[in-house]
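*Asks:* Provided herewith is a single structure, encoded as structure tokens, for subsequent inquiry.
The values are calculated or read from the model by the stated rules, or taken from the named source; none is laboratory data. These figures come from a predicted structure and were not determined experimentally. Don't worry about glycine lacking a Cβ; one is built from the backbone with ideal geometry, like all the others, and counts go over all protein chains shown. Note: areas computed on protein heavy atoms with side chains; ligands, DNA, RNA excluded. Shrake-Rupley method; radii C 1.70, N 1.55, O 1.52, S 1.80 Å.
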Amino acid sequence: EVTAETSQPVVFVQEKETGDHEKTLKAQKEGKPQKLLEMNEHTLVPHSYDYDLIVIGGGSGGLAAAKEAAKYDKKVMVLDFVTPTPLGNSWGLGGTCVNVGCIPKKLMHQAALLGQALQDSRKFGWQFTEEVKHSWMTMTEAVQNYIGSLNWGYRVALREKKVTYENAYGEFVGPHTVKATNKRGAEKLYTAERFLIATGERPRYLDIPGDKEYCISSDDLFSLPYCPGKTLVVGASYVALECAGFLAGLGLDVTVMVRSILLRGFDQDIANKIGEYMEEHGINFIREFVPVKVEQIEEGTPGRLKVTAKSTKENQIIEGEYNTVLLAIGRDACTRKIGLDKVGVKINEKTGKIPVNDEEQTNVPYIYAVGDILQDKLELTPVAIQAGRLLVQRLYAGANIKCDYVNVPTTVFTPLEYGACGYSEESAVEKFGEENIEVYHSHFWPLEWTVPSRDNNKCYAKIICNIQDNERVIGFHVLGPNAGEVTQGFATAIKCGMTKEQLDSTIGIHPVCAEV
């Protein structure tokens, strides 16, 4: 069972498998039993496996690990397959971040910021007479062309590094064995000494009448072949708020339907400020309602949809008409249909997430996992990349550095960007007690916004300090332009154990937002 060999007995020498009964007999007949013992010096891989490492999932984590393993002359295969969305959309190699996540999201956020910059520019003396309007098709084509160049780049990089890539769906069928099924349904079996699961997540649907037929998800939005028009965004995740933000920034009529709170898991003080800012900038919020039915009134690009929603509090029902309904209510791990039960990999039955030890190893010793599918870990592209690279360095280069999941910076690209590192105020109070933390905070007004005289005192910064530990900064939060750029630098300082005193003794750069 452990070796996946087909004939017994299986022969081992000094704990290394040399082959099964047939291979051993063949070597004996050819007078070459010594050959079986001469393992490949570099790899110590029994000759019985097709690959040293098979990676299931060609996203950020999987590709980073595969390319890293190739550096150490390992025989590596990547299996990547995008199951089409209910509307039939799929994409190239690279995973969610590149194709339907961070990359197109940030580019469309930038498109919205440029619209705001155009407005501001008049106050700075720029004169233009033609009417300013936005072309959805020009934007999506440009974004998709750039993504296409990235897909091509990943394939070329794998080829140059001699990593075998198959556009096929990988699933475990037995010990050390996966079945790869391509889009034509052709199946192949491959064996490997080790496996890395990096299958990521896909958007969740509501399971109500009309959701899969008429709604779109973030998997469809960035390549939508028409302008979405009047849009209802369902959800309060960062995906929901980012998409609502840039759609409104492009001039569309946008409504966000929220079940309970905004940005669960993030600092709530900031989350509410983001919501207020978005409302002030023309985005409608329907709070404490959930859709129960979506019906098509009229086909088209976009068509017209009727959404029926009910209150989470009382028996109230409301109806609304929209051109597009975007679901952003969370994501589910792609772990239930890859044969984990066949090899005994444990998953959290409720969430589908995979528990691993601090070396990204599952309960089956030769199977590892990285990225969004890990239980109780951060769902961020750079985390998956770092974990994948470090894992491979431990497996093949004798390294011992583990991925540090603490104090990882992140940014939410809402119209007012939000950068964070460390504890939210709620979680700091819960962990250290209210009497043991001190919060320093301030509103600010970016210089660039003073001349167009907009959004005075909407930007905000706060740090959370642990009084018992020399006022060490345990939480960093900034709400304002370029929040990601600001947060990245401070993240290193926080990793180094920055205290409030050290922060105070750092001289600011004037005039910038970060000096606050």
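*Asks:* Compute the Kirkwood hydrodynamic radius of the stretch 143-222, taking the inverse of the mean of 1/r over all pairs of distinct Cα atoms, and give it in Å to one decimal. Please list the in-between numbers first.
*Replies:* Details: mean 1/r = 0.0622 Å⁻¹.
About 16.1 Å, per the Kirkwood formula over Cα pairs.
*Asks:* Tell me the carbon and sulfur percent of the accessible area for the stretch 211-329, rounded to whole percent, probe radius 1.4 Å.
*Replies:* Ligands and nucleic acids excluded, carbon and sulfur reach 45 percent.
*Asks:* With a 1.4 Å probe and all protein chains kept in place, how do Phe285, Phe81, Phe12 rank by accessible area, largest first?
*Replies:* The ranking, largest first, comes out as Phe12, Phe81, Phe285.
*Asks:* So, one more: Which value in nm describes the separation of the simple spin-label points at Lys26 and Ser149, placed 7 Å from the Cα toward the beta carbon?
*Replies:* Simple spin-label model gives 4.8 nm for this pair.
*Asks:* Then there is this: Mind listing P(r) for the stretch 416-505? All alpha-carbon pairs, 10 Å bins, whole percents.
*Replies:* 17, 45, 28, 9, 1
*Asks:* Follow-up question, since we're still on this one. So what is the calculated 222 nm ellipticity per residue for the chain, using -39500 (n - 2.57) for each DSSP H run with n of 4 or more, over all residues, to the nearest 500 deg cm²/dmol?
*Replies:* Value at 222 nm, helices only: -9000 deg cm²/dmol.
*Asks:* Output wanted: per-residue J couplings in Hz (rounded whole) for the stretch 424-437, from phi through Karplus 6.51 cos²θ - 1.76 cosθ + 1.60, θ = phi - 60°, x for Gly and Pro.
*Replies:* 6, 4, 4, 6, 5, 4, 5, 7, 10, x, 4, 6, 9, 10
*Asks:* Going by Cα centres, the stretch 158-201 and the stretch 412-484 are how many Å apart?
*Replies:* About 44 Å separates the Cα centre of the stretch 158-201 from the one of the stretch 412-484.
*Asks:* To continue, here is another question. Compute the distance in nm between two label points, each set 7 Å from the Cα along the Cα-to-Cβ direction, one at Arg454 and one at Tyr226.
*Replies:* Going by the 7 Å Cα→Cβ label model, 3.0 nm.
*Asks:* When DSSP assigns beta bridges and you keep just the ones with both residues in the stretch 211-329, what percent turn out antiparallel, to the nearest 5? Let's see the in-between values first.
*Replies:* Values: 14 of 28 bridges.
Close to 50 percent.
*Asks:* Related question: Can you give me the C-alpha center-to-center distance between the stretch 122-150 and the stretch 286-349, rounded to a whole angstrom?
*Replies:* Value for the Cα centre distance between the two parts: 31 Å.
*Asks:* I would also like to ask the following. Could you work out the relative contact order of the stretch 423-516, using alpha carbon pairs under 8 angstrom and six or more residues apart, expressed as a whole percent?
*Replies:* It comes to 25 percent, rounded to a whole number.
*Asks:* If eta is 0.890 mPa s and T is 25 °C, what Stokes-Einstein diffusion coefficient results for the stretch 97-149, Kirkwood Rh from Cα pairs, in µm²/s? Could you put the intermediate results ahead of the total?
*Replies:* Working: Rh = 12.5 Å.
The diffusion coefficient I find is 196 µm²/s.
*Asks:* With angles folded into 0 to 90 degrees, how steeply does helix 381-396 sit against the dominant principal axis of the chain? Use alpha carbons for both and round to 10.
*Replies:* That works out to roughly 20 degrees.
*Asks:* How tilted is helix 238-249 with respect to the longest principal axis of the chain? Cα atoms for both, answer in degrees (0 to 90, nearest 10).
*Replies:* 50
*Asks:* Could you give the size of the charge dipole of the chain about its Cα centre, using +1 on the Cβ of each K and R and -1 on the Cβ of each D and E, expressed in debye and rounded to the nearest 20?
*Replies:* Working: 55 positive and 68 negative charges, 298 e Å.
For this selection, approximately 1440 debye.
*Asks:* Between their Cα atoms, which of Lys32/Lys162; Lys273/Lys313; Lys162/Lys212; Lys293/Lys313; Lys105/Lys500; Lys273/Lys500 are more than 28 Å away from each other?
*Replies:* Table pairs above 28 Å Cα-Cα are Lys32/Lys162; Lys162/Lys212; Lys105/Lys500.
*Asks:* Express the accessible area of the stretch 211-329 per residue in Å², computed with a 1.4 Å probe while the remaining protein chains stay in the model.
*Replies:* Here the per-residue accessible area is 41 Å².
*Asks:* Which Rg and Dmax, in Å, describe the Cα atoms of the chain?
*Replies:* 26.2, 89
*Asks:* OK, next. At 1.4 Å probe size, with no ligands or nucleic acids counted, give the accessible surface of Lys161 in Å², nearest ten.
*Replies:* 90
*Asks:* What is the P(r) of the stretch 397-463, as percent of Cα-Cα pairs per 10 Å bin from 0?
*Replies:* 15, 33, 27, 16, 6, 1
*Asks:* In addition: Could you tell me which of Thr191, Ile208, Phe246 has its Cα farthest along the dipole of the stretch 181-299 towards the positive end, charges placed at Cβ (Lys, Arg +1; Asp, Glu -1), taken about the Cα centre?
*Replies:* Toward the positive end, the furthest listed residue is Thr191.
*Asks:* Work out the charge dipole of the stretch 76-152 with +1 on the Cβ of Lys and Arg and -1 on the Cβ of Asp and Glu about the Cα centre, then indicate which of Cys102, Val76, Ile147 is farthest towards its positive end.
*Replies:* Cys102
*Asks:* At a 1.4 Å probe, what is the % contribution of carbon and sulfur to the accessible area of the stretch 40-196? Could you put the intermediate results ahead of the total?
*Replies:* Details: 4210 of 7970 Å².
Of all accessible area on the stretch 40-196, carbon and sulfur atoms account for 53 percent.
*Asks:* By average Cβ neighbour count within 10 Å, what is the ranking of 260-268, 239-247, 342-350, 169-177 from highest down?
*Replies:* 239-247, 169-177, 260-268, 342-350
*Asks:* A follow-up question, please. Starting from the amide H of Gly19, placed 1.01 Å from N in the peptide plane, find each other amide H under 5 Å away whose residue is 5 or more places distant or on another chain.
*Replies:* Those qualifying (amide H under 5 Å, at least 5 residues apart or on another chain) are Val11.
*Asks:* Here's another thing I want to ask about it. If you average 1/r over all unlike Cα pairs in the stretch 173-291 and invert the result, what Kirkwood radius do you get in angstrom?
*Replies:* Mean inverse Cα-Cα distance, inverted, gives 17.4 Å.
*Asks:* What are the residues whose amide H is under 5 Å from the amide H of Phe285, where those residues sit 5 or more places off or on another chain and H is modelled from the backbone?
*Replies:* The answer is Val256.
*Asks:* Then there's this: Quick one: if the Förster radius is 60 Å, what FRET efficiency do Glu160 and Glu434 give, using the C-beta to C-beta distance and rounding to 0.05?
*Replies:* Rounded to the nearest 0.05, the efficiency is 0.60.
*Asks:* While we're here: Mind pulling the angle between the C-alpha long axis of helix 60-71 and the longest principal axis of the chain? Nearest 10 degrees, somewhere in 0 to 90.
*Replies:* Result, in degrees: 40.
*Asks:* Continuing with this model, one more query. How large is the accessible surface of Trp449 in square angstrom, using a 1.4 angstrom probe and rounding to the nearest 10?
*Replies:* Only protein atoms counted, so the area is about 20 Å².
*Asks:* Consider a paramagnetic label point 7 Å from the Cα of Asn482 along Cα→Cβ; state which residues of the stretch 418-448 have an amide N under 11 Å from it.
*Replies:* In the stretch 418-448, the label zone of Asn482 (backbone N under 11 Å from the point 7 Å along Cα→Cβ) covers 447-448.
*Asks:* What length, rounded to one decimal in nm, is gained on full extension from Asn182 through to Tyr205, with 0.36 nm per residue of separation minus their alpha-carbon distance?
*Replies:* Extra length from Asn182 to Tyr205 when fully extended: 5.7 nm.
*Asks:* Obtain the radius of gyration and the Kirkwood radius of the stretch 29-150 from its C-alpha atoms and give Rg over Rh.
*Replies:* Result: Rg/Rh = 1.30.
*Asks:* With the dipole of the stretch 252-370 worked out from charges on the C-beta (+1 for Lys and Arg, -1 for Asp and Glu) around the Cα centre, which of Gln296, Gly339, His281 lies farthest toward the positive end?
*Replies:* Of Gln296, Gly339, His281, it is Gly339.
*Asks:* Which distance in nm do the two modelled labels at Thr351 and Leu189 give, with both placed 7 Å along the Cα-to-Cβ direction?
*Replies:* 3.5
*Asks:* Show me, for the stretch 404-421, the HN-Hα J-couplings you get by feeding each phi into the Karplus relation (A = 6.51, B = -1.76, C = 1.60, θ = phi - 60°), rounded to Hz, glycine and proline as x.
*Replies:* The phi angles translate into 9, 8, 9, 6, 8, x, 8, 9, 9, 8, 6, x, 9, 6, 10, x, 9, 8 Hz.
*Asks:* Another question, then. Can you compute the radius of gyration and Dmax for the stretch 339-475, using only the Cα atoms, both in Å?
*Replies:* Computed over the Cα atoms of the stretch 339-475, radius of gyration and Dmax are 20.2, 64 Å.
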